[in-house]
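*Asks:* Input: one structure, supplied below.
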């Protein structure tokens, strides 16, 4: 992300690896605090350029593909809407949203998540989050109720690894694929409270390998 910092009568072009307007706001606030306590602007801007952000918070997952994959913990309608709105501002191509909803949790938010995605995404892929003791397909059914009166195209795939692959398979140059809901988590909670290892960075790497193999 590139932005210009206006400091009194001067301006300073800045760059950082993190994406989204909320990260720009956070960066400006950090710079203001640093300046207040006497830190060098040059040192702070160099540190800002190297800082990759918090794991699972608008985290860019690197691939060699020509689109961007971002992992974020957004797991409520409000958080998903704000994250998508922030990404929309810096997306050249299409915005693809992959998300699910947790089982044994507030079911009323499921269609609201869908509507938030439908309002801002160009393609929605509905999948599993942490289904816990609920049937993943039943959760997906509840989510889809929020898409019935929308025009957004969508796919459903209960296997999250496969859903990520499908989303990345659909992506083209300049697109952004948002993986919402898991963020920093490296597990999936299924029936009986069992935690299965699931790290979206690994799932993205596996999907990228499949895509490259198919192109070969």
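Just so it is clear, none of the values below were taken in a lab; they were calculated from the coordinates. Worth saying up front: this structure is predicted, and the values here are computed from it rather than measured. Don't worry about glycine lacking a Cβ; one is built from the backbone with ideal geometry, like all the others, and counts go over all protein chains shown.
*Asks:* Can you put 143, 190 in order of Cβ neighbours within 10 angstrom, beginning with the fewest?
*Replies:* If I rank by nearby Cβ atoms, fewest first, I get 190, 143.
*Asks:* Return, ordered by residue number, the residues of segment 113-145 whose backbone nitrogen is under 16 Å from a label point located 7 Å along Cα→Cβ of residue 106.
*Replies:* 113-117, 143
*Asks:* Using only Cα atoms, tell me the angle between helix 109-120 and the longest principal axis of the chain; keep it within 0 to 90° and round to the nearest 10.
*Replies:* 60
*Asks:* Working out 0.36 nm times the residue gap between residue 215 and residue 47, then minus their Cα-Cα distance, what length gain in nm do you get to one decimal?
*Replies:* Contour length minus the Cα-Cα distance gives 56.7 nm.
*Asks:* Can you tell me the length gained on complete extension of the stretch residue 196 to residue 150, counting 0.36 nm per residue apart and subtracting the Cα distance? Before the final figure, lay out each step's value.
*Replies:* Numbers: separation 46, 0.36 × 46 = 16.56 nm, distance 3.39 nm.
Contour length minus Cα-Cα distance gives 13.2 nm.
*Asks:* Going by how many other beta carbons lie within 10 Å of each one, how would you line up 12, 198, 168, 113, fewest first?
*Replies:* Exposure proxy ranking, most exposed first: 12, 198, 168, 113.
*Asks:* Put a dot 7 Å past each Cα toward the Cβ at residue 54 and residue 119; how far apart are the dots in nm?
*Replies:* 2.3
*Asks:* Under the classification rounded if a/c is under 1.5, otherwise prolate if a/b is larger than b/c and oblate if not, where does segment 59-215 fall, given a ≥ b ≥ c as square roots of the Cα gyration tensor eigenvalues?
*Replies:* Oblate shape, in that a/c is at least 1.5 and b/c is the bigger or equal ratio.
*Asks:* Roughly what angle does helix 200-215 make with the longest principal axis of the chain, taking Cα atoms, 0 to 90 degrees, to the nearest 10?
*Replies:* It is inclined by approximately 80 degrees.
*Asks:* Next up: Segment 1-65 to segment 97-159: how many Å between their Cα centroids?
*Replies:* 33
*Asks:* Against the longest principal axis of the chain, how steep is helix 41-50, in degrees 0 to 90 to the nearest 10, with axes from Cα atoms?
*Replies:* 20
*Asks:* Continuing with this model, one more query. Run through the DSSP bridge list for the chain and note the antiparallel percent, rounded to the nearest 5.
*Replies:* 45
*Asks:* Neighbour counts of other C-beta atoms within 10 Å: give me 99, 212, 67, 22 arranged from fewest to most.
*Replies:* 212, 22, 67, 99
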